[in-house]
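Notes to accompany the following structure.
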Amino acid sequence: MDISLASSQYYQFSLTKSLPFSPRFHTPLRAFTNFSSKPQIYSFHSRKSLITGCYPSTAQTADQSTTPADDDDGFILEDVPHLTNFLPDLPTYPNPLENSQAYAIVKNTFVSSEDAVAYQIVVKKGSPRGVHFRRAGPREKVYFKPEEVRACIVTCGGLCPGINTVIREIVCGLNYMYGVKKILGIEGGYSGFYSRNTTELTPKIVNDIHKRGGTILQTSRGGHDTNKIVDNIQDRGINQVYIIGGDGTQKGAAAIYKEVERRGLHVAVAGIPKTIDNDIAVIDKSFGFDTAVEEAQRAINAAHVEVESVENGVGIVKLMGRYSGKYLHIFLLIFIELHFWSLRFIAMFATLANRDVDCCLIPESPFYLEGQGGLFEFIQHRLKENRHVVIVVAEGAGQEYVSNAVNAIQEKDASGNKLLLDIGQWLTQKIKDHFAKVKKVPINMKYIDPTYMIRAVPSNAYDNIYCTLLAQSAVHGAMAGYSGFTVGPVNSRHAYIPIQRVTEATNVVELTDRMWARLLASTNQPTFLNKSEQD
């Protein structure tokens, strides 16, 4: 199937926005940016391959003797915007990679315009092919002269292992692969566009930054003023913008792209999704997640050693993240409190990897403290059986208990994210009080908070490789004229994804999924469901 719409005179392509899938996850983009459930049909013929494709596309033979149903395989392409959508007369140039020593050994240097990555890799026989995304990689033609490119990089939101690696590889990718010399670093997040100085970035300057944690450009939350940012982009003559950040940051990137489009500027806007929580929709995994899980093991192991070495040890390890879990192991109660939506994933994966955890508490799985089948009863049972307990808890777990106890009003940070209450300290005290006053059993509580240690470490080997692929994919996409997109692996193949697609929903742990069942089988913890709920 030619998803570039047009490579053959024998095909007529119909674009329809009506889909055979749930609209929440499969509604295609309208005009590259807006979702619409209204079915609209566009048909056209062309002998020349289009660069930007369409949304969604279904192939249908022009031979009227063949009915549409015969050839309609349910293929849908959720494509990304292209500069030619609003600048149709942009000239193209040969890709410098044609003369690259590095790419001379590659059999197929450039990605075909027909290559797409399937969103769902497991399908049933006879079912529609479903949603696809445009495959990432270098294109044969580019829409920028390297000597005229003035790129900038900005980092926003919280810290995460691998940010410096992404910065390094964007700089080196632009310079080594495309010969771009003018690259600026925007300091201090979005507000840095209009309130801070920029710094020049060269391969020499960024040579060893991947060995450090944090971001050399500094970061911040909030500060997004679309008009001021785009004004600054115009004033500085910037024509490629690389934005590294999480959900809120990517929404800001989408707003910047829309304003760039409205003004008709020759500026490519590329997003690189960042969240240590691994909660970004569509993509397989976010960078820094593997490093965070690996570092979490150190805290869990330390707590386990502590509680094994005392009588009735209960260890609590608090991790960064908003909605993630806890581990519980008799004698050691490791309470891993995760600071954001997806650190529940860190809690879950760290629990599965460590094997010293007795219980993992996450927001998606409610729990209760007292009574039959409650957390206190479970801790008591494990202390009697193993003489120590390990618990991992996500920061978002049990928020209703904490808020009721302190009558707190939930506030938001500069990015609009809800500030969660400290479930770690609250739960620690509740466990102490219960066993001291109710059960009259002395326990040795160990509380560990490795949050900032995990956020601040350099990325490990796997994340370094992953960051390189993300950065180079973003560079290839921007040079090829794509804009308003983000990059990431979908079923292990890197793709260009509409920004709205990764910000419309947040990944959560599915309690009916096999992964959660594996965790329950590993820890042998209760489901904390009442009998009525189980029925």
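The values are calculated or read from the model by the stated rules, or taken from the named source; none is laboratory data. Just so it is clear, the model here is predicted, and its values are computed rather than measured. Neighbour counts are summed over all protein chains in view; Cβ atoms, including those assigned to glycine, are modelled from backbone coordinates with ideal geometry. To get the accessible areas, we keep the full protein, side chains included, count just its heavy atoms, and leave off ligands, DNA and RNA. Shrake-Rupley method; radii C 1.70, N 1.55, O 1.52, S 1.80 Å.
Quick check: is even one residue across segment 513-522 at pLDDT below 85 and part of a loop (DSSP other than H, G, I, E, B)? Scanning segment 513-522, I find at least one residue that is at pLDDT below 85 and part of a loop (DSSP other than H, G, I, E, B), so the answer is yes. The sole residue among LYS251, LYS258 that is more than 26 Å from ARG455 (Cβ to Cβ), within 24 Å of the chain's Cα centre (by Cα) and open to solvent by 20 Å² or more (accessible area, probe 1.4 Å) is LYS258.
Scan segment 304-320 residue by residue and report those that are modelled with pLDDT under 85 and assigned to a helix (DSSP H, G or I). Scanning segment 304-320 gives no hits. Only residues that are over 19 Å from the mean Cα position of the chain (by Cα) and under 28 Å from MET177 (Cα atoms) were counted in segment 110-136, giving 7. Please work out which residue is nearest to MET479 (Cα to Cα), limiting yourself to segment 264-281 and to residues that are modelled with pLDDT under 75 and in contact with a strand residue (DSSP E or B) (Cβ under 6 Å, 6 or more places away or on another chain). Result: ILE280.
Scanning segment 435-471 for residues that are assigned to a helix (DSSP H, G or I) and over 28 Å from THR219 (Cβ atoms) yields a count of 4.
Picking from residues in segment 217-241 that are closer than 18 Å to ASN164 by Cα and touching a Leu at 6+ places or on another chain (Cβ under 9 Å), the one that is most open to solvent (accessible area, probe 1.4 Å) is THR219.
Looking across segment 282-300, the residues that are open to solvent by 30 Å² or more (accessible area, probe 1.4 Å) and under 9 Å from the mean Cα position of the chain (by Cα) come down to ASP284, LYS285. Flag: GLU148 does not match the condition of being without any contact (Cβ under 8 Å) to a residue 60 or more places away in the chain, surrounded by fewer than 18 Cβ atoms within 10 Å (Cβ to Cβ) and farther than 21 Å from SER492 by Cβ.
Cβ separations smaller than 8 Å between residues 6+ apart or across chains give the following pairs from segment 372-385 residues that are without any contact (Cβ under 8 Å) to a residue 40 or more places away in the chain to residues that are part of a loop (DSSP other than H, G, I, E, B) and open to solvent by 10 Å² or more (accessible area, probe 1.4 Å): GLU377/GLY371. Here is the figure for segment 200-215: residues that are surrounded by 18 or more Cβ atoms within 10 Å (Cβ to Cβ) and part of a loop (DSSP other than H, G, I, E, B) total 5. Residue count for segment 351-375 under the criterion of being open to solvent by 10 Å² or more (accessible area, probe 1.4 Å) and in a helix (DSSP H, G or I): the result is 3. For segment 436-481, the set of residues classified as without any contact (Cβ under 8 Å) to a residue 12 or more places away in the chain and either crowded, with 18+ Cβ neighbours inside 10 Å or within 35 Å of the chain's Cα centre (by Cα) (or both) consists of ALA461, ILE465, listed by residue number. For the condition hydroxyl-bearing (Ser, Thr, Tyr), modelled with pLDDT under 70, open to solvent by less than 20 Å² (accessible area, probe 1.4 Å) and in contact with a helix residue (DSSP H, G or I) (Cβ under 9 Å, 6 or more places away or on another chain), SER342 qualifies. Taking the conditions exactly as written (open to solvent by less than 80 Å² (accessible area, probe 1.4 Å), within 27 Å of ASN491 (Cβ to Cβ), touching a strand residue (DSSP E or B) at 6+ places or on another chain (Cβ under 6 Å) and at pLDDT 95 or above), does VAL166 satisfy them or not? Yes; evaluated as a whole, the condition is true for this residue.
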